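Enquirer: Let me begin by handing over the structure; questions about it come next.
The values are calculated or read from the model by the stated rules, or taken from the named source; none is laboratory data. Everything numeric in this text was worked out from a predicted model, so none of it was measured. So basically every Cβ, Gly included, is an ideal-geometry build from the backbone, and we count neighbours across all protein chains shown. Calculation scope for accessible area: heavy atoms of the full protein, side chains included, ligands and nucleic acids excluded. Shrake-Rupley method; radii C 1.70, N 1.55, O 1.52, S 1.80 Å.
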Amino acid sequence: MPVLPGAEPYRHEGGEIGVLLCHGFTGSPQSLRPWARYLAERGLTVALPLLPGHGTRWEDMQLTGWQDWYAEVDRELRALRERCAQVFVLGLSMGGALTLRLAAKHGDDISGIVVVNPANKVHGLSAYALPVLRHLVRATKGLTNDIKKEGAVEVGYDRVPLHAAHSLRQFCRLVDGELPQVTQPMLLLRSPEDHVVPSADSARILSRVSSTDVTEVLLEQSYHVATLDNDAERIFEESYAFIARLAPGVGKGTTGAGQVGQQEGTAAGG
């Protein structure tokens with residue numbers, strides 16, 4: 001299937017500090033592309049993959065699960081580790097959950113993590129019905145475009161495939177149990193007004209990780225997709241400052257917007 005315009009993966013070969021960005025459930029790299037470009041323009045090596053089943057049509061996502069999504073970011077992380085002296089992982093929503101699992105599993109191979117409105121649980125009474133409901137109903141209304149900024153649009157699905165939602169629920173439960181294994185420095189940015197992931201998820205994460213270097217930032221002017229919202233520039237600046245504090249090598253290597261490269265690919269769904 002052709003990839004939706006704007007949903008293509010993004011990569012940039014920069015200096016010795018690498019950054020992996022993980023997009024959200026039913027979303028696409030488009031939601032993180034401005035963030036990725038911001039970091040690339042400052043000389044970092046950047047990988048922003050398209051998760052399997054995403055970025056094409058929601059039916060493709062029915063055939064994928066958390067194992068597929070996690071395997072993709074795990075491969076990207078290992079590739080960055082071979083190329084870079086230090087690697088940081090950043091994620092939005094479900095991408096935050098993927099980030100936390102990578103941190104729990106890879107330990108010192110990750111120098112720090114940044115999560116924006118990270119998901120920790122599939123909420124609502126319907127979540128408990130997913131094991132049965134997914135066999136009766138294929139999809140429900142979408143989660144994308146929770147953005148306060150006028151005119152901003154997220155490229156993603158307008159439907160949520162219930163087989164995938166059930167897998168996400170299983171994944172969140174798995175990650176919740178692994179949170180005490182997260183020890184890396186962590187920057188957590190959250191929107192108090194978020195119509196997709198409640199603040200309780202961030203509070204739960206903050207209470208369970210073992211990290212001692214933790215910073216929480218409130219994004220007062222944004223909804224869930226804060227990376228495309230009014231606080232986007234603050235996210236970019238805070239994350240870069242966080243990385244620069246932990247990585248003395250930041251700033252070494254290729255810089256400049258004119259030298260940022262992009263590779264386009266197709267989704268690996270189905």
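Enquirer: Only one residue in VAL175, VAL160 is under 22 Å from GLN67 (Cα atoms) and at pLDDT below 95. Which one?
Expert: Residue meeting the stated conditions: VAL160.
Enquirer: Considering only the range 147-182, state which residues are β-branched (Val, Ile, Thr) and touching a helix residue (DSSP H, G or I) at 6+ places or on another chain (Cβ under 7 Å).
Expert: Scanning the range 147-182 gives ILE147, VAL155, VAL175, VAL182.
Enquirer: For the range 1-53, which positions are among the basic types (Lys, Arg) and closer than 21 Å to ASP146 by Cβ?
Expert: ARG33
Enquirer: Run down SER239, SER207 and say which single residue is of a type in the set (Gly, Ala, Ser), open to solvent by less than 50 Å² (accessible area, probe 1.4 Å) and farther than 27 Å from PRO2 by Cα.
Expert: Residue meeting the stated conditions: SER239.
Enquirer: Residues in the range 7-43 that are closer than 20 Å to VAL160 by Cβ and in contact (Cβ under 8 Å) with a residue 40 or more places away in the chain: how many?
Expert: Total satisfying the criteria: 11.
Enquirer: If we scan the range 221-232, do we find a residue that is under 13 Å from GLY96 (Cβ atoms) and in a helix (DSSP H, G or I)?
Expert: Taking every residue of the range 221-232 in turn, at least one turns out to be under 13 Å from GLY96 (Cβ atoms) and in a helix (DSSP H, G or I).
Enquirer: For the range 141-158, which positions are over 14 Å from SER222 (Cβ atoms), open to solvent by less than 80 Å² (accessible area, probe 1.4 Å) and of a type in the set (A, V, I, L, M)?
Expert: LEU143, VAL155 - these are the residues of the range 141-158 that are over 14 Å from SER222 (Cβ atoms), open to solvent by less than 80 Å² (accessible area, probe 1.4 Å) and of a type in the set (A, V, I, L, M).
Enquirer: Scan the range 176-184 and tell me whether some residue there is acidic (Asp, Glu), open to solvent by 10 Å² or more (accessible area, probe 1.4 Å) and touching a residue at least 60 places away in the same chain (Cβ under 8 Å).
Expert: Yes, the range 176-184 contains at least one residue that is acidic (Asp, Glu), open to solvent by 10 Å² or more (accessible area, probe 1.4 Å) and touching a residue at least 60 places away in the same chain (Cβ under 8 Å).
Enquirer: It is to be established whether one or more residues within the range 64-85 are hydroxyl-bearing (Ser, Thr, Tyr) and outside any strand (DSSP E or B).
Expert: Within the range 64-85 (the criterion being hydroxyl-bearing (Ser, Thr, Tyr) and outside any strand (DSSP E or B)), the answer is yes, since at least one residue qualifies.
Enquirer: Hey, among THR56, THR64, which residue is under 16 Å from GLY6 (Cα atoms), β-branched (Val, Ile, Thr) and either open to solvent by less than 20 Å² (accessible area, probe 1.4 Å) or more than 17 Å from the chain's Cα centre (by Cα) (or both)?
Expert: The conditions single out THR56.
Enquirer: Among the residues of the range 15-37, count how many are surrounded by fewer than 24 Cβ atoms within 10 Å (Cβ to Cβ) and part of a loop (DSSP other than H, G, I, E, B).
Expert: The qualifying residues number 2.
So that you can scan it fast, the table gives a plain yes or no per residue for (1) in contact (Cβ under 8 Å) with a residue 12 or more places away in the chain; (2) farther than 20 Å from LEU32 by Cβ:
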site	(1), (2)
TYR70	yes, no
ALA79	yes, no
GLU82	no, yes
MET94	yes, no
LEU98	yes, no
ALA104	yes, yes
LYS121	yes, yes
